[in-house]
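Here the structure comes first, spelled out in structure tokens, and everything after it is commentary.
No lab work stands behind these numbers, since they all come straight from the coordinates. The model shown is predicted, which means the values in this text are computed figures rather than measured ones. Because the Cβ atoms are built from the backbone with ideal geometry, glycine has one as well, and the counts that use them run over all protein chains shown.
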Amino acid sequence: MALENSKEKNFSDWYAEVVQKSEMADYSSIQGCMVVRENGYGIWENIQDAFNAMIKATGHKNVLFPLFIPKSLLTKEAEHFAGFTPEVAWVTKGGDTELAEPLAVRPTSETIMYESYAKWIHSHRDLPLLLNQWCTVVRWETKATKPFIRTREVPWQEGHTVHVSKEETDAEVMLILGFYKKILEDYLAVPVLIGKKSDGEKFAGALYTTTCEAMMPDGKALQSATSHNLGQNFAKAFQIRFKDKDETEQYAWQASWGMSTRTIGAMIMVHGDDKGVVIPPKVAPLKVVIIPIAYSKPDDAKKVAKYCEGIYAKLKVAGISVKLDDRDDKSAGWKFNEWELKGVPLRLEIGLKDIEKDAVMMVRRDTGVKNSVAKEGLEKSVEDELEKMQKELLEKAKKARDERISDVSDYAEFKKVLESKKGFVRMSWCDERECEEKINKDTTATVRLISFDDHHPKHKQCGHCGKPAKVTAYFAKSY
């Protein structure tokens, strides 16, 4: 059960090993595709539940559109199509019959959804249209794939909304960006920076893109969720128009937004250790595991078993996700290692000494700290410890993230920090695409975000080209 690779010494191999051994995901015979296993999918279900509650409370509804997109639809918005061409998988035959028109296997759903939107929307009374779908998309990646982080088939959600004005669309973009930040920080305990993408990094066909950027322990940034103002580009391509209150016909404004199982990969990387994954309590499919200490005398074994069953029932009634691991073919130590590997937040060890005290031994997965906790009021003690763990995981991750943010004033310092310390490099920048392309060619780093908070660059000149600085940008190498 033990991991052969160290997170600190061999991060990439550690990640691949921990994902498999913790039963988060497995490799498939289809190159570049993963099987999301029970432990991983349980987390995804909890993310779905939390996000659905947020969007449904604000009037959004879930739908499901076709998997296949006719080529003529996919090519309607030129910039959008050009951005996806290298990654599109095509269906050209149905059985033995050549298709009259190739069908793209959904790389994203703008085009197939907007064909319907044009039929459904006629008046300002039909707006806003607030729809989301949970599905998978296919991006035929040619780069090295990594479970959850980069795969050819990606489980995700994609929201596509239609509005009467730019102002209303801007508000939608920021609303969803806030929801994503909440999912990542309050549920997955992964701290993120939010901001705007550069023109070179924005979504193909968008007016602008906003992003949640996380920092991984190996110093690489991970784009964790994005929210886009699409402007009227797609509305014009698909003729999504409505009659305004004054009866004049207008092109609609649109937003789109997406988050995938990549967020689970971020969680594994940020919190995992050399014992396995560490799952934050709010998204853990199983929050508590009870492990009886085995005894050779039948009476002792029965006494422990009965006590454990009572603890299990007590927590179950309280609505806490709990498992009693009473397998008789595995030692307690073996079980400790297995559940640590799988990342269960709390372990309750119970032996005769604990029963004598009318207590249990509570062990935190992240810290390994053990505490004897009274049976009386155990439900609250468990809930309090889970809440404490959730909070402390985020605090620890924020501290690690902040240590990987470096301010630089010139390009020599930029390159030195990028190679030695890695992480986010914050620099005053001219906001010009040519400059970004030169930096990327030289270092492989990109602008991960332009901060919403740093309205005025610290330095008057761009740290790279010397032109007047317009923004504060966060650069990093990324996944």
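With 26 Å as the limit, write out which pairs from 275/375; 357/391; 398/477; 56/146; 202/396; 9/182 have Cα-Cα distances beyond it, or answer none. Table pairs above 26 Å Cα-Cα are 275/375; 357/391; 56/146; 202/396; 9/182.
Let's test the formula: R0 of 45 Å, r as the Cβ-Cβ distance of residue 118 and residue 327. What FRET efficiency results, to the nearest 0.05? For residue 118 and residue 327, the calculated efficiency is 0.20. A DSSP coil position with no more than 12 other Cβ atoms inside 10 Å describes the following trypsin sites (Lys or Arg not before Pro) in region 47-146: 143.
Report the one residue of 397, 55, 78 whose Cα lies farthest in the direction of the positive end of the charge dipole of the chain (charges on C-beta: Lys and Arg +1, Asp and Glu -1; origin at the Cα centre). With unit charges placed on the Cβ atoms, the residue in question is 397. Each other residue within a Cβ distance under 14 Å of residue 275 adds +1 if Lys or Arg and -1 if Asp or Glu, for a net charge of -1. In terms of surrounding Cβ atoms within a 10 Å radius of their Cβ, 33, 212 rank from fewest to most as 33, 212. Modelled spin labels at residue 17 and residue 460, positioned 7 Å past Cα toward Cβ, are 5.5 nm from each other. Our summary gives region 130-215 a relative contact order of 21 percent, counting only alpha carbon pairs under 8 angstrom and 6 or more residues apart. Below 14 angstrom from the Cβ of residue 302, what's the summed charge of the other residues (Lys, Arg +1; Asp, Glu -1)? Around residue 302, the surrounding residues sum to -2.
Normalised by residue number, the volume inside the convex hull of the Cα atoms of region 318-410 is 128 Å³ per residue. Between residue 134 and residue 48, the modelled labels are 0.3 nm apart [label points 7 Å from Cα along Cα→Cβ]. Computed about the Cα centre, the dipole magnitude for region 86-240 is approximately 220 debye when only Lys and Arg (+1) and Asp and Glu (-1) carry charge, each at its Cβ. Size of region 162-277: Rg and Dmax of its alpha carbons, in Å, are 17.4, 65.
In a reduced charge model with +1 at each Lys and Arg Cβ and -1 at each Asp and Glu Cβ, the chain shows a dipole moment near 540 debye about its Cα centre. The alpha carbon centroids of region 277-316 and region 100-125 are separated by 51 Å. In terms of overall dimensions, region 1-149 has a Cα radius of gyration and Dmax of 19.7, 62 angstrom. Restriction of the GluC sites (Glu not before Pro) in region 319-403 to DSSP coil positions whose beta-carbon has at most 11 other beta-carbons within 10 angstrom yields 376, 403.
Per-residue ellipticity at 222 nm, computed for the chain from helices alone with -39500 (n - 2.57) per DSSP H run of at least four residues, works out to -11000 deg cm²/dmol.
Report the normalised scattering of the chain as log10 I(q)/I(0) at q = 0.07, 0.08, 0.12 Å⁻¹, calculated by the Debye formula with identical scatterers on the alpha carbons. For the requested q values the scattering log ratios are -0.44, -0.57, -1.11. Restricting the calculation to Cα atoms, every distinct pair contributes to the Kirkwood radius of region 380-479, found to be 14.8 Å. FRET efficiency for residue 388 and residue 303, Cβ-Cβ distance as r, R0 = 30 Å, nearest 0.05? Using R0 = 30 Å, I get an efficiency of 0.45.
Taking the Cα centre of region 18-157 as reference, the dipole from Cβ charges on Lys and Arg (+1) and Asp and Glu (-1) amounts to some 200 debye. Dipole orientation for region 279-407: of the candidates 290, 320, 369, 320 has the Cα lying most toward the positive pole (charges on Cβ; Lys, Arg +1; Asp, Glu -1).
Ordered by the count of other Cβ atoms within 10 Å of each Cβ, fewest first, 464, 122 give 122, 464.
Counting other Cβ atoms within 10 Å as a rough exposure proxy, the listed residues 241, 347, 433 run 433, 241, 347 from fewest neighbours to most. Across region 262-315, counting alpha-carbon atoms alone, Rg and Dmax equal 16.6, 49 Å. Taking every alpha-carbon pair under 8 Å whose residues sit at least 6 apart, the chain reaches a relative contact order of 14 percent. Rounded if a/c is under 1.5, else prolate if a/b is larger than b/c, else oblate: which is region 11-271, with a ≥ b ≥ c the root eigenvalues of its Cα gyration tensor? Verdict is oblate for region 11-271.
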